[in-house]
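The values are calculated or read from the model by the stated rules, or taken from the named source; none is laboratory data. Remember, it's a predicted structure, so these values are computed and weren't measured experimentally. Ideal geometry is used to build each Cβ from the backbone, glycine not excepted, and the neighbour counts take in all protein chains shown.
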Amino acid sequence: MRRFCAVLHMLGFTMALFASTMVFPLAVAIWGQDAALDAFIDGFLLALGIGLAMWLGTWRCRAELRSRDGFLLVSLVWLVLPALAAIPLLIYFQRAGMPLGLTDAYFETMSGLTTTGATVLSGLDALPASINMWRATMVWVGGMGILVLAVAVLPLLGVGGHQVFRAETPGPMKDEKLTPRIAGTAKALYAVYFGLSIACLLAYRVAGLDWFEAWCHMATTMGLGGFSTRDDGFVHFDSVPVEIVAMVFMLIAGINFATHFNALRSRSLRAYLRCPEAVPYLAIVLGVGLVVAGFLYYRQVYDTPLAALRYGLFNTISLATTTGYANTDYVQWPMFAPMVMLLLATFATSAGSTGGGIKMIRAIMLVKQARQEMVTILHPHAVAPVRVAGRIVPPRVLASVLAFMLVYGMSLALLTALMLLSGLPPVTAFTAVLATLNNTGPGLGPLGPLGNFSVLSDFQTWVCTFAMLIGRLEFFTVLVLFTPGFWRK
Amino acid sequence: MKILIVGAGRVGTSVAENLVSEHNDITVIDSNPAKLAYLQERFDLRTVAGDGSQISVLRQAGAEDADLLIACAALDTVNLVVCKVARQLFNLPRRIARIRSPEYPELPELLGEDGFCVDALISPERSVATYLHSLIEFPEALQVVEFADGRVSVVAVRVAGGSPLANRAIDDLGEILPDVSARVVEVLRGGRVLPTPAGTVVRPGDEVLVVVDTRHARRAIRQLREAEKSVRRVMIAGGGNIGMRLARTLAEEGYSVRIIERDPARCEYLATQLPDDVLVLHGNGTDEALLERENIDDMDTWLALTSDDEDNIMSSLLAKRLGARRVIALINRQAYGELMQGSHIDIAVSPSQATMSELLRHVRRGDVVAAHRLRQGVAEAVEAVAHGDRATSRVVGRRAGDIKLPRGASIGALVREDEIIMPQADTVIESGDHVIVFVPRRSQMPKVEKLFQVSASFF
């Protein structure tokens, strides 16, 4: 019980910390005196109050967390924060006379925090600026992780902080610290994230967006979320410079931030070459982008090669990096293109980036593992360990990657079966699960880039919400809570 | 401070464990990933797998901007090379090497700037042996540590029923011994520290910590505890480096020493290395027949000094039961040490804490001359030199009572040139004074370090 109390203590702190990020939309609401001002004042005070009460109320049991508590904390944080984030949305839509269901509100905030970018809201252009601001802020915070932020500002977590950090940052090998202390590593990552975000904000502004839209799109670009302030997203802007800025920063945010940090620290681009993921990631994403563009031109979807290149490349990068922006309704394209783009999202982004999916490093390990298997079949006496970046991958890590793949595949199959059971057509069901499990956002069919997840029933929405959660936390953190051994004393 | 530790053996692990905190960024290098995984799992530090004497490994571990290197790999040669490389290639400002061999320390030119560039040596075996030696010299004490080149001692003693100080306030120590500089800085009752020593009435069974002029230490201790019969006969279990060093020193001072060693080859080596009057016995410290045959019940002190905690505990319990007057066991694991101290085992000595004492003065900021861990590593005492003047120092020119020490901490003694002063609240501290500060919890040390740092304007 005492351990649980200590977890609640940290949960309270994280909730209060998260609630304080509501000052961004609050500031926008005050500045523009928009319709959601009351909702944000009430929501902010309520969320902050709950968090502080829980934090201070459990002050007596503050203690360093054990690794088991770390899993519980991470899962609880990711279950509770979307609810907290939904408070202002619920209040606003209730008062505006078009009540938003709890299911939809929770889906929307979960989609934001897990940087999925799937939305159930329509008429975004008409919403108060502060609501759009809040959706974007959630993506930005969720991208690098609220708990990583907590570790950076709260040294109390100690070794437990390392566990929490490992549970929240994606990727198979998490023992590589940038600085000796975990708080320093968390600070370094946020510093890089912050710096790149400012660069992205300025670039959007220069490319022609106004400050508000530049800010919102910066947040959802860096977080690889894909929320837009417009129903029709980038189709609305129809501007090549803005799309170029988006492409560049999506590609940047899909690289491991530790690699960015190393590059900045050594002031050389060699860090990217030494990183096992960055080069294959860029090569595959850009390569597939060109293939898609060529395919579109060949099938005469676009008349000029330049138009094919623009649309093919932008949408491929957007989906591959699990962002989910669109500058055209690619659902109209021949099925091959959107399907390839969606499948690319399952493995393109790097570990330690803000993207989702199984991550490039795992894909590389799997491919090398398969190759090694063939070598051992041909040469039974061969010693051929799997190496990544010149170092042998420990069998323990390989095993965990294989287990991860198994769970990933099973989740994809089971959740798709559930969606089919509930009556969705196959393509919609499969792409809905794929898009939420990979934290991409738009699927195909009615869930396409210009479509909307509000067509789903409540049950289907909850399935998608669950898929987003386990996808973001990479399965095991959440699933371990369902094992009896976790709860046994 | 950014600290680089090479070698995650017993010494490296305990150094890392003791230094890890919010104030230190620690990186540990070792070639055994299993040892690193253990550290990584339990402490907030970074580990690098590889050979610490390789340049690429040192660079990867951040040798370029580290402030302190502690080389404590198993081999002396590795430690020397690491120090040399760190100085020459990375210009690492301070380098400490753990050296086992007694030969290197005798050659300062080999270790200096033209040699291996080692700033300071630590020798765990030597520090533990010295520490044990002081315990044998003061059979009444639980712990003895020295400051100011041995002129001031801090002694932990359990107060006996017949002591003149029993049931009197600790401030009366001055009345009882008017010509001796001594003061009680802490009273421990039933394992808990009493909030403030001033005015506390000492009860029999309390553990008190006394700061005393070393010349009068024996007399001061006698006020707390009737004198023990002085030690003549010592039996040591475990003929490793510590046991061998201690046996040699004791034998040279005229003690009667018996040493038990399990390995026959090592026994022969001991027999060639130690003076003739040391009796080397081949056997096991936990063999009661052997102990009885060798008259364990006549022994004044039993020391269990093998590298195995469990063996040391069991053989010490056995020795006590068979009649050894006082038993001392080397216990590495802090949990075991706390469990055993004061039970049937009279004193549990932690080798890592003894090593830490040697290391601490290099790690502490400010001009710290000596530092020692007390009470199984919970408390700490440091000897720091006050520099500067009233404007630049937070200590100099101020009365002892006005210095803002952390809660429970106190100034034990001042050494001004040749004089030892027990400061009163109105004693003014001068530049150049060696101040011995006692801190009940070592987490408070950073505050004390800050006090003794001179502000920038001094330079």
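Annotations for the structure displayed:
- Residue count for the stretch B:120-160 under the criterion of being surrounded by 18 or more Cβ atoms within 10 Å (Cβ to Cβ) and part of a loop (DSSP other than H, G, I, E, B): the result is 5.
- Taking the stretch A:390-400 as the range and being surrounded by 15 or more Cβ atoms within 10 Å (Cβ to Cβ) and within 14 Å of chain B (Cβ to nearest Cβ) as the test, the residues that pass are A:393, A:397.
- Counting only helices (runs of 4 or more DSSP H) that sit wholly inside the stretch B:1-90, those with at least 1 residues that are surrounded by 23 or more Cβ atoms within 10 Å (Cβ to Cβ) are B:10-19, B:55-60, B:76-90.
The rows are residues; the columns are (1) more than 20 Å from residue B:154 (Cα to Cα); (2) touching a helix residue (DSSP H, G or I) at 6+ places or on another chain (Cβ under 7 Å).
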| position | (1), (2) |
| --- | --- |
| B:409 | no, yes |
| B:414 | no, no |
| B:422 | no, no |
| B:432 | yes, no |
| B:440 | no, no |
| B:445 | no, no |
| B:450 | yes, no |
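- Screening residue B:423 on (1) in a strand (DSSP E or B); (2) crowded, with 21+ Cβ neighbours inside 10 Å shows it passes everything except condition (1).
- Residue that is nearest to residue A:93 (Cα to Cα), among those in the stretch A:110-136 that are crowded, with 24+ Cβ neighbours inside 10 Å and hydroxyl-bearing (Ser, Thr, Tyr): A:130
- Failed condition for residue A:258, given (1) modelled with pLDDT of 90 or more; (2) in contact with a Gly (Cβ under 7 Å, 6 or more places away or on another chain); (3) of a type in the set (A, V, I, L, M): (1)
- Residue match in the stretch A:334-349 (condition: crowded, with 24+ Cβ neighbours inside 10 Å, closer than 20 Å to residue A:412 by Cα, touching a residue at least 40 places away in the same chain (Cβ under 8 Å) and of a type in the set (S, T, N, Q)): yes
Conditions tested, residue by residue: (1) surrounded by fewer than 24 Cβ atoms within 10 Å (Cβ to Cβ); (2) modelled with pLDDT of 90 or more; (3) touching an Asp or Glu at 6+ places or on another chain (Cβ under 6 Å).
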residue	(1), (2), (3)
A:402	yes, yes, no
A:420	yes, yes, no
A:437	no, yes, no
A:453	no, no, no
A:459	yes, yes, no
A:462	yes, yes, no
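- Of the residues making up the stretch B:161-185, just one is over 22 Å from residue B:440 (Cβ atoms), in a helix (DSSP H, G or I) and of a type in the set (A, V, I, L, M), namely B:176.
- Residues (more than 10 Å from chain A (Cβ to nearest Cβ) and either in contact (Cβ under 8 Å) with a residue 60 or more places away in the chain or closer than 23 Å to residue B:1 by Cβ (or both)) located in the stretch B:56-65: B:57, B:58, B:59, B:60, B:63, B:64, B:65
- Of the residues making up the stretch A:81-120, those that are closer than 15 Å to residue A:145 by Cβ and either of a type in the set (A, V, I, L, M, F, W, C) or in a helix (DSSP H, G or I) (or both) are A:81, A:82, A:85, A:110, A:112, A:113.
- Here residue A:407 fits the description: more than 14 Å from chain B (Cβ to nearest Cβ), in contact (Cβ under 8 Å) with a residue 40 or more places away in the chain and either surrounded by 11 or more Cβ atoms within 10 Å (Cβ to Cβ) or part of a loop (DSSP other than H, G, I, E, B) (or both).
- Entry remark, the stretch B:182-201: residues being modelled with pLDDT of 75 or more, under 20 Å from residue B:409 (Cβ atoms) and more than 23 Å from the chain's Cα centre (by Cα) number 2 in total.
- Some residue of the stretch A:138-146 being modelled with pLDDT under 85 and either part of a helix (DSSP H, G or I) or within 14 Å of chain B (Cβ to nearest Cβ) (or both): yes
- In the stretch A:157-228, counting only helices (runs of 4 or more DSSP H) that sit wholly within it, the ones holding 3 or more residues that are within 11 Å of chain B (Cβ to nearest Cβ) and at pLDDT below 90 span A:158-168, A:182-207.
- Scan of the stretch B:100-119 for residues that are outside any helix (DSSP H, G or I) and more than 22 Å from residue B:371 (Cβ to Cβ), ordered by number: B:100, B:101, B:102, B:103, B:107, B:112, B:113, B:114, B:115, B:116, B:117
- Condition broken by residue B:26, with the remaining ones in (1) within 14 Å of chain A (Cβ to nearest Cβ); (2) more than 18 Å from residue A:179 (Cα to Cα) satisfied: (2)
- Residues (within 13 Å of chain A (Cβ to nearest Cβ) and either touching a Gly at 6+ places or on another chain (Cβ under 7 Å) or over 28 Å from residue B:89 (Cα atoms) (or both)) located in the stretch B:31-55: B:34, B:37, B:38, B:41, B:42, B:43, B:44
- Considering the stretch A:242-268, the residues that are without any contact (Cβ under 8 Å) to a residue 24 or more places away in the chain and not in a helix (DSSP H, G or I) include one that is surrounded by the fewest Cβ atoms within 10 Å (Cβ to Cβ), namely A:267.
- Among the residues examined, residue A:363 qualifies as in a helix (DSSP H, G or I) and surrounded by 17 or more Cβ atoms within 10 Å (Cβ to Cβ).
- Selection from the stretch A:229-241 of residues that are β-branched (Val, Ile, Thr) and part of a loop (DSSP other than H, G, I, E, B): A:229
- Qualifying residue in the stretch B:394-412 (condition: surrounded by fewer than 16 Cβ atoms within 10 Å (Cβ to Cβ), closer than 19 Å to residue B:441 by Cα and at pLDDT below 85): yes
- Only a single item in (1) touching a Pro at 6+ places or on another chain (Cβ under 7 Å); (2) within 27 Å of residue B:129 (Cβ to Cβ); (3) not acidic (Asp, Glu) is not met by residue B:223, and it is number (2).
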